[in-house]
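Visitor: Handing you a structure now.
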Amino acid sequence: MEVFINLLVNGVSTGLLIFLLAAGLTLIFGLMSVLNFAHGGLFVWGAFSGAWIFKETNSFLLAIVGAVAVGMVLGWVLERFLIRPVYGNHVRQLLITLGGMLVLSESIKIFWGPNPIRVNLPAWLEGSYQFDGIIIIKYRVFVIVVGLLLYLALWLLLSRTQIGLMIRAGVLDKEMVQALGINVKGLFTFVFLLGAGLAALGGALLAPYSGVVFAEMGMQYAILAFIVVIIGGMGSLQGSALASLIVGVAGAFMAYYMPDLSLALNMLLLAIVLLVKPTGLLGEKGSAV
């Protein structure tokens, strides 16, 4: 039972970290129809900038805020100068955002060097909780709470606010929304910045979670996030949340019981879902929530 609960907590916390990256991707694709491989670059910049700010200030909260700010600034640059000129052309989007991903990853080495950087846990999140012999790491509980709160905040934003209504309407019919006088370009920019901030936040939270950050991790997690988005359903926030939990929990159990097959698990899950339901678990055409 102790092993089961620990693996479950590990899987859920990992899944919610993946969700922060996947949520931005699914929002951006759902509204803007943009395949953004550079999202992984924002993730790794969030990890490195958060780790650096935490080291310099010893304030984890300031590190998170700073990482999100860095991610949103870089997201604005990407959307304005790389993404906007190639709206509507998925082949060019794929090529230019993949190039942006490589540039963002390599530029990390200019500021922090080519070697991995060790990241410590905040003092107030060190240690563990013990319940009847079951040990649960505090930081993983923290990640789960933050991930669930952010999911709730995103759901409320999309389903209970005026801007959420505009986003969902934009997913269904961009031309009609623009004809009603809504600034669709501004809406696009807002969604892109929101997605960029979530990616950077995921990176900032992952850094202490994994204990080490390296420049190449952006591509690794970008591919994982795309797998999650496809499994959950393109454009479905709830689908991305569900798929993230499935991938995280299944990965934790597989890594423990059958480590040799853990790398192939994600592709196996992707293949099974696409064979059974090609639109993904909760994906429907034009869905954003």
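The values are calculated or read from the model by the stated rules, or taken from the named source; none is laboratory data. For clarity, every value in this text was computed on a predicted model and none was experimentally measured. So basically every Cβ, Gly included, is an ideal-geometry build from the backbone, and we count neighbours across all protein chains shown. Heads up: the accessible areas ignore ligands, DNA and RNA and are worked out on the full protein's heavy atoms, side chains in. Shrake-Rupley method; radii C 1.70, N 1.55, O 1.52, S 1.80 Å.
Visitor: Within straight cross-link reach of Lys109, meaning Cα distance under 30 Å, which lysines are found once same-chain residues fewer than 8 apart are removed?
Guide: Lys55
Visitor: Given the rule -39500 (n - 2.57) for each run of at least 4 DSSP H residues, summed and divided by the residues of the chain, what is its mean residue ellipticity at 222 nm, to the nearest 500 deg cm²/dmol?
Guide: Numbers: 11 runs with 211 residues, N = 289.
The helix contribution divided over the chain gives -25000 deg cm²/dmol.
Visitor: In straight Cα distance, which lysines are under 19 Å from Lys138, not counting same-chain residues fewer than 8 positions off?
Guide: Within the straight-line cut-off, Lys138 pairs with nothing.
Visitor: Related question: So which lysines pass the test for Lys185, namely a Cα distance under 24 Å, with those fewer than 8 places away in the same chain ruled out?
Guide: Lys174, Lys285
Visitor: Label point 7 Å out from Arg118 along Cα-to-Cβ: which residues of the range 207-243 have amide N under 15 Å?
Guide: 208-214
Visitor: I need the phi-derived Karplus couplings for the range 134-147: 6.51 cos²θ - 1.76 cosθ + 1.60, θ = phi - 60°, integer Hz, Gly and Pro marked x.
Guide: Along the range 134-147, the couplings run 8, 9, 10, 5, 4, 5, 5, 5, 4, 4, 4, 5, 4, x Hz.
Visitor: Accessible area per residue, 1.4 Å probe, Å², for the range 1-118: what's the number? The partial results should precede the final answer.
Guide: On the way: 5220 Å² over 118 residues.
Value returned for the range 1-118: 44 Å² of accessible area per residue.
Visitor: Something else: Relative to the longest principal axis of the C-alpha atoms of the chain, give the angle of the C-alpha long axis of helix 237-257, reported between 0 and 90° and rounded to the nearest 10°.
Guide: For 237-257 against the chain, the angle is about 30 degrees.
Visitor: Of all accessible surface on the range 20-218 at a 1.4 Å probe, what whole percent is carbon and sulfur? Before the final figure, lay out each step's value.
Guide: Numbers: 6330 of 9410 Å².
C and S fraction of accessible area: 67 percent.
Visitor: Further question on the same structure: Largest first, how would Lys185, Lys138 line up by accessible area (1.4 Å probe)? Walk me through the numbers before you get to the answer.
Guide: Working: Lys185 130, Lys138 60 Å².
Solvent-accessible surface, decreasing: Lys185, Lys138.
Visitor: Given 0.36 nm per residue, what is the gain on full extension from Leu275 to Leu261 after removing their alpha carbon distance, in nm? Let's see the in-between values first.
Guide: Details: separation 14, 0.36 × 14 = 5.04 nm, distance 2.04 nm.
Full extension of this stretch gives 3.0 nm more.
Visitor: Taking the square root of 5 times each eigenvalue of the Cα gyration tensor, what semi-axes in Å does the equivalent ellipsoid of the range 77-190 have, largest first?
Guide: On the way: eigenvalues 283, 141, 23 Å².
Sorted largest first and rounded, they come to 38, 27, 11 Å.
Visitor: Using only alpha carbon pairs under 8 Å that are at least six residues apart, calculate the relative contact order of the chain and give it in whole percent. Don't jump to the answer; show the numbers that get you there.
Guide: Working: 497 pairs, mean separation 106.4, N = 289.
The normalised contact order for the chain reaches 37 percent.
Visitor: Using only the alpha carbons of the range 60-108, determine the length spanned along each of the three principal axes and report them from longest to shortest in whole angstroms.
Guide: That works out to 40, 20, 13 Å along the principal axes.
Visitor: Another question, then. Using only Cα atoms, what is the ratio of the radius of gyration of the range 20-218 to 2.2 N^0.38 Å? Let's see the in-between values first.
Guide: Working: Rg = 18.1 Å, N = 199, 2.2 N^0.38 = 16.4 Å.
Here the Cα radius of gyration is 1.10 times the empirical estimate.
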